[in-house]
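Chemist: Here you go, one structure.
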Amino acid sequence: MTKSELIETLAQGQQTQLAYKDVELAVKSILEQMTQALANGERIEIRGFGSFSLHYRPPRVGRNPKTGEPVELPAKHVPHFKPGKELRERVDSSKETVRIQSGT
Amino acid sequence: MALTKAELVEGLFDELGLNKREAKELVESFFEEIRRSLENGEQVKISGFGNFDLRDKTQRPGRNPKTGEEIPICARRVVTFRAGQKLKARVATYVGTGEQ
């Protein structure tokens with residue numbers, strides 16, 4: 001499922017009476033709020049879905065793969081996702097009945 | 001302080017003027033549709049944000065860290081998240097107080 005398919009599905013949902021365009025804006029807003037929170041170093045906690053946080057990566061010396069020259073890489077943060085209980089359980093219990101579809 | 005569904009709802013209300021009921025339903029369905037797709041064995045690709053992928057893990061030997069007792073960890077299906085380039089770039093520059 002891609003972002004546009006997700007928007008499509010949400011717009012077709014029986015409960016939401018919002019136009020496709022409004023759903024599209026809403027999805028973009030949700031993703032931007034989530035990105036901004038992480039960019040501010042804030043965690044995201046969605047019960048039953050999971051939590052997003054930042055993990056610290058210390059500075060290191062890497063190498064230019066072409067020239068082999070050492071390159072100093074500064075410290076950075078990377079996003080990390082930990083699935084919540086409901087997501088973990090639902091996905092795990094589907095393993096006997098559905099195959100993982102490769103590619104979309 | 002963490003971002004929660006309540007704040008996402010508030011954000012949709014402030015930014016887009018959705019009423020609270022619509023906003024709440026939308027935030028709820030947003031996460032539910034992602035769960036449903038994953039539960040159906042289908043990965044979720046949110047461009048600019050990241051991909052939620054599925055992996056089947058085989059059984060492996062494990063240990064109770066307290067007692068040292070050996071217990072096998074059974075085969076399971078798990079969700080992994082791979083952040084997209086744009087999200088990675090936005091958080092890389094965060095200068096925080098070390099670990100969260």
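Since every read-out is calculated from the coordinates, none of them should be taken as a lab result. What you see is a predicted model; the values in this text were computed from it and never measured. Quick reminder, even Gly has a Cβ in these numbers, built from the backbone with ideal geometry, and neighbours come from all protein chains shown.
Chemist: Explain nothing, just compute: Karplus ³J(HN,Hα) = 6.51 cos²θ - 1.76 cosθ + 1.60, θ = phi - 60°, for every residue of region A:36-42 in order, whole Hz, x for Gly and Pro.
Modeler: Once rounded to whole Hz, the list reads 5, 4, 5, 4, 8, x, 9.
Chemist: Please list, ordered by chain and number, the residues whose modelled amide H lies under 5 Å from the amide H of residue A:57; skip anything fewer than 5 residues away on the same chain.
Modeler: Amide H to amide H, under 5 Å and 5 or more residues apart or across chains, residue A:57 pairs with A:76, A:77, A:78.
Chemist: For residue B:86, list the lysines whose Cα falls under 21 Å from its own Cα; do not include residues on the same chain fewer than 8 positions away.
Modeler: Reachable lysines: A:3, A:28, A:76, A:82, B:45.
Chemist: Over every pair of different alpha-carbon atoms in region A:30-83, take the mean of 1/r and invert it; report that Kirkwood radius in Å.
Modeler: 13.1
Chemist: Percentage of Cα-Cα pair distances in region B:59-100 greater than 17 Å, rounded to whole percent?
Modeler: Everything past 17 Å amounts to 63 percent.
Chemist: So, one more: Nearest 0.05, what FRET efficiency do residue B:73 and residue A:36 give at R0 = 30 Å with Cβ-Cβ as r?
Modeler: Details: r = 37 Å, r/R0 = 1.23.
Efficiency, rounded to the nearest 0.05: 0.25.
Chemist: What is the sum of charges, Lys and Arg at +1 and Asp and Glu at -1, for the other residues whose Cβ falls under 13 Å from the Cβ of residue A:60?
Modeler: Residues near residue A:60 contribute +2 overall.
Chemist: Let me ask something else. Pop out the ³J(HN,Hα) list for region A:80-94 in order, Karplus 6.51 cos²θ - 1.76 cosθ + 1.60 with θ = phi - 60°, rounded to Hz; leave Gly and Pro as x.
Modeler: Coupling constants for region A:80-94: 9, 10, 10, x, x, 4, 4, 4, 4, 5, 5, 5, 5, 6, 8 Hz.
Chemist: Any idea what Rg and Dmax come out to for chain B if you just take the C-alpha atoms, in Å?
Modeler: 18.9, 56
Chemist: I've got another one for you. Taking a cut-off of 15 Å between Cα atoms, list the aspartates and glutamates near residue A:85, but don't count ones fewer than 8 places away on the same chain.
Modeler: A:45, B:32, B:39
Chemist: Using θ = phi - 60° and the Karplus relation 6.51 cos²θ - 1.76 cosθ + 1.60, list the HN-Hα couplings for region B:39-53 in order, rounded to whole Hz, with x at every Gly or Pro.
Modeler: 5, 8, x, 10, 5, 10, 10, 9, 5, x, 10, x, 10, 9, 10
Chemist: Quick one: what do you get for chain A if you divide its Cα Rg by 2.2 N^0.38 Å?
Modeler: This ratio for chain A stands at 1.50.
Chemist: Additional query: With N set to the number of residues, divide the alpha-carbon radius of gyration of the protein assembly as shown by 2.2 N^0.38 Å and report two decimals.
Modeler: Details: Rg = 19.3 Å, N = 204, 2.2 N^0.38 = 16.6 Å.
Output field value: 1.16.
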